[in-house]
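Structure record follows, encoded as C-alpha cells.
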Amino acid sequence: MITRRLFFSRTATGLGIPAIATLLNGKGGLAGLPHFAPKAKRIIYLFQSGGPSQMELFDYKPKLVEYQNTDLPESVRGGQRLTGMSATQSSFPVVPSKFQFARHGQSAAWVSELLPHTAKIADRLTFVKSMHTEAINHDPAVTFFMTGFQIAGRPSMGSWLAYGLGAETEDLPAFVVMISPGQGGTGQPLYDRLWGSGFLPSRYQGVKFRSIGDPVLYLSNPNGFSPANRRQYLDSLKAMNQLKADELGDPEIGTRIAQYEMAFRMQTSVPELTDLARESPATFELYGPDSKKPGTFAYNCLLARRLAERGVRFIQLFHRDWDHHGKLPEGLPKRCKETDQPAAALIQDLKQRGMLDDTLVIWGGEFGRTVYCQGRLTADDYGRDHHPRCFTVWMAGGGVKPGVSIGETDDYGYNVVRDPVHVHDLQATILHLAGIDHTRLTYKYMGRYFRLTDVHGKLVKDAIA
C-alpha cells in the first residue's frame, strides 16, 4: 500500500520541479491568458480611503440650495440602512455643498473648485457617477473593493492579476502597494490583507513599500555582510528548501525560493527605482512641492509612474483621512490639496511619455457621503455620513473612453436614477481592460471555483473605448 504522503514524496520531482521552475522564471501567468488583446498593460489604482464626498467634488446638485436645512424626504431615503453614527438623529437636514462647481473642457464635466488640476484634465477622464456598493462601514467596504467580498480572506485584485497574467519584469514584484497619510494624521486603518493573496499562493501578494528607511524591510545587507555573502547564503538556503520541496512537493516551498530570489534582485532594482536624482525639475514642478518628500501622495504618484515604466503590473496607492463626519469644510480641502495636483500630474506625465494609452488609472474610495448633515448643522460647518447608494469614481487611459460621464443620481444625490454600476461591474471592467474575461479567471479552493467578481459583474460597456 502506498500512502498519499509517500506517493507525493516519490513524485515530487515530476510535480514540484516544473512548478518551482515557473516560479523562479519570475514571469509566471496562466496558460491561455490574456484571453484577448489587453488595452491596459498595467494598472495604477489611486484609492482614497475613507469615502470622498461626491457632493463636494463631482456630483453637482444645484437644487439642493432650495432644500437647504429641510429634512430629507422619507420618499427619497426609502428606509435605506443608516450607520450607527446617524441612526439616532431626530432629523436628517439637507446640506448643499458650500464649494463652487464649473464645467470644464469640451466634455463640459462638472468639477469642484477644490480640484483645479483635475478640472484641467477633465477631457481625459471617464467619470462613473452611479457607483454603488452594499457595505456601509469602512472595513467591509474597502475589503469589497479590493477583494470582491466583504469578509476578509479572499485574494486582492492585484493578486488576481499577478496570478493570471504573471509579471512583466523579473526585477520587481508584479504588485506593489504604497500608503500615504492625510496630513490630518487620522484615517481608517489599512490592513495588509487588503493586498494579500488570500488562498492564492503567497507569491502573488502585494509588496508594500515603506516611506522611512529601506522601502522594503531587510533590503540592505547587515554591516559586514557583502552581496557575495548574500548570494552564497541564498544558494545554500535554496538547496535546503529544494530538498524539502523534493520530499513533500509543497508549492509554497517553491514560492519561498522564488521570493528569496526576488528579494535578492530587488537589492539592485529598488534603490535605482527610488533614486529620483535624474528626474527633471519640470517633473517635480508638475507633481508639486510634496513630490520630493517620501511618504506623501505626490511622491508615491511619481514613484508609481517609475514603477509602471519598469513593468510593474498593478500599483496600488492608498491615501487616508477622507472620512469627514464633521468639519468637512475644513478637512476636505486639505485632502484635495494633497492629492489633486499629483493625481492630475500622473495622467499628464503618462500621456507625455506615451504610456497613458496602455496604462489604466483609477481614482475613488469605498463609498460616498450623505446629502444630509451628520451632527449639528451650522452656517459654516457640517459633516456627512457614509453613503453606499451612489458615489463617483474616475478612470483614465488604458482603453476607457475619455471625456464621458456615466450614470446619474437624483436631485438629492441620494439614489442612482440611470446606469447603475456595482463594485463587481467595475472589477469586471478593470479585468476586461487587462485582457481578462472575469468569469474565466478562477481558482479552485475548498471544492469551489472562486473569482474576483464572485458570481456577479457585468461590463460597463459605455466606459470602454
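The values are calculated or read from the model by the stated rules, or taken from the named source; none is laboratory data. Computed from a predicted model, the values in this text were never measured in an experiment. Glycine gets a Cβ as well: all are built from the backbone with ideal geometry, and neighbour counts include every protein chain shown.
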- Can you tell me which residues in region 351-371 are surrounded by 22 or more Cβ atoms within 10 Å (Cβ to Cβ) and not aliphatic (A, V, I, L, M)? THR359, TRP363, GLY364, GLY365, GLU366, PHE367, GLY368, ARG369, THR370
- What number of residues within region 166-209 are of a type in the set (Ser, Thr, Tyr), surrounded by fewer than 17 Cβ atoms within 10 Å (Cβ to Cβ) and under 15 Å from the mean Cα position of the chain (by Cα)? 1
- Note on the structure: Looking across region 377-393 at residues that are in contact with a helix residue (DSSP H, G or I) (Cβ under 9 Å, 6 or more places away or on another chain) and farther than 25 Å from GLY457 by Cβ, the single one that is modelled with the lowest pLDDT is ASP380
- Query: Residues GLN316, GLN259: which one is touching a Phe, Trp or Tyr at 6+ places or on another chain (Cβ under 7 Å) and polar (S, T, N, Q)?
  - Reply: GLN316
- When the residues of region 196-219 are filtered to those that are outside any loop (DSSP other than H, G, I, E, B) and of a type outside the set (A, V, I, L, M, F, W, C), which remaining residue is farthest from SER269 (Cα to Cα)? SER202
- In region 15-38, is there at least one residue being surrounded by fewer than 18 Cβ atoms within 10 Å (Cβ to Cβ), in a helix (DSSP H, G or I), among the hydroxyl-bearing types (Ser, Thr, Tyr) and at pLDDT 95 or above? no
- Message: I want to confirm something. Restricting to region 43-72 and keeping residues that are in contact with a His (Cβ under 8 Å, 6 or more places away or on another chain) and not in a loop (DSSP other than H, G, I, E, B), which single residue is farthest from ILE315 (Cα to Cα)?
- Response: GLN48
- Message: If ARG230 satisfies all but one of (1) in a loop (DSSP other than H, G, I, E, B); (2) surrounded by fewer than 18 Cβ atoms within 10 Å (Cβ to Cβ); (3) not hydroxyl-bearing (Ser, Thr, Tyr), what's the number of the condition it fails?
- Response: (1)
- Query: Can you spot a residue in region 153-165 that is among the hydroxyl-bearing types (Ser, Thr, Tyr) and in a helix (DSSP H, G or I)?
  - Reply: yes
- Quick one: count up the residues across region 181-221 that are closer than 28 Å to ASP275 by Cα, of a type in the set (Ser, Thr, Tyr) and touching a helix residue (DSSP H, G or I) at 6+ places or on another chain (Cβ under 6 Å). 1
- Which number in (1) basic (Lys, Arg); (2) modelled with pLDDT under 95; (3) not in a loop (DSSP other than H, G, I, E, B) marks the one condition that LYS129 misses? (2)
- Message: Out of SER97, SER75, I need the residue that is within 23 Å of ARG418 (Cα to Cα) and assigned to a helix (DSSP H, G or I). Which one?
- Response: SER75
- Message: Residues that are among the aliphatic types (A, V, I, L, M) and not in a loop (DSSP other than H, G, I, E, B): does region 373-380 have at least one?
- Response: no
- Query: Could you count how many residues in region 293-333 are basic (Lys, Arg) and under 23 Å from ASP139 (Cα atoms)?
  - Reply: 2
- Task: Tell me, yes or no, whether region 300-317 has at least one residue that is under 30 Å from GLY383 (Cα atoms) and part of a helix (DSSP H, G or I).
- Result: yes
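Residue by residue, here is whether (1) over 20 Å from the mean Cα position of the chain (by Cα); (2) outside any strand (DSSP E or B); (3) at pLDDT 95 or above; (4) not β-branched (Val, Ile, Thr) holds:
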position	(1), (2), (3), (4)
MET395	no, no, yes, yes
SER405	yes, no, yes, yes
TYR412	yes, yes, yes, yes
ALA428	no, yes, yes, yes
HIS432	no, yes, yes, yes
HIS438	no, yes, yes, yes
LEU441	no, yes, yes, yes
VAL455	yes, yes, yes, no
- Item | Only one of GLY375, GLY365, GLY397, GLY383 that is within 19 Å of MET85 (Cβ to Cβ), in contact (Cβ under 8 Å) with a residue 24 or more places away in the chain and out of contact with any His (no Cβ under 9 Å at 6 or more places or on another chain) | GLY365
- Which members of region 100-122 meet the condition of being in a loop (DSSP other than H, G, I, E, B) and under 24 Å from the mean Cα position of the chain (by Cα)? LEU114, LEU115, ILE121
- What are the residues in region 253-295 that are in a helix (DSSP H, G or I), exposed (fewer than 14 other Cβ atoms within 10 Å of the Cβ) and within 26 Å of the chain's Cα centre (by Cα), if any? PRO271, GLU272, GLU285, PRO289
- Query: Under the condition of being more than 15 Å from ARG369 (Cα to Cα) and in contact (Cβ under 8 Å) with a residue 60 or more places away in the chain, which residue from region 77-98 is surrounded by the fewest Cβ atoms within 10 Å (Cβ to Cβ)?
  - Reply: GLY78
- Message: Looking only at region 220-256, how many residues end up being under 24 Å from VAL270 (Cα atoms) and β-branched (Val, Ile, Thr)?
- Response: 1
- Residues in region 296-321 that are more than 25 Å from ALA167 (Cα to Cα) and surrounded by fewer than 24 Cβ atoms within 10 Å (Cβ to Cβ): how many? 3
- Task: Looking only at region 207-229, decide whether some residue is among the basic types (Lys, Arg) and closer than 23 Å to PRO294 by Cβ.
- Result: yes
